[in-house]
Amino acid sequence: MRNEDKVTSAIEGTTRHIPSASFLGLALGSMALSLVLQVSGQKRWAQFVGQWAPTLLIIGTYNKIAKTFSPPYDESQRVQHGGNAASTSPSVPESVRPPIVSRT
């Protein structure tokens, strides 16, 4: 579990600097390249490149979610502030919290 946290933090720390729109642009680019390959008669390459789009969109979605719900500091700063993982977990912004419905 601890290694997963370190690996995940490293990946998220690196991808945090990539704008989410970049993944959308790459996905659209792969669709356009796939179309060009299809029109030029290279159907196998067109299918291969066209399948990149969903993967890129999923990675972009994960990147956006990770940015939204991750704290603005890393593990080393968490220790400096004297908190532990349980007490410094990121809170969910008010705008994305589901409404509380009373069932009385």
Hey, can you tell me all the residues within the stretch 9-24 that are farther than 10 Å from residue 63 by Cβ, among the small types (Gly, Ala, Ser) and touching a helix residue (DSSP H, G or I) at 6+ places or on another chain (Cβ under 9 Å)? 9, 21
Looking at (1) modelled with pLDDT under 65; (2) surrounded by 10 or more Cβ atoms within 10 Å (Cβ to Cβ), can you tell me which one residue 104 breaks? (2)
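The values are calculated or read from the model by the stated rules, or taken from the named source; none is laboratory data. Keep in mind that this is a model prediction, so the values were computed, not measured. Reconstructed Cβ throughout: ideal geometry from the backbone, glycine too, with neighbour counts over all protein chains shown.
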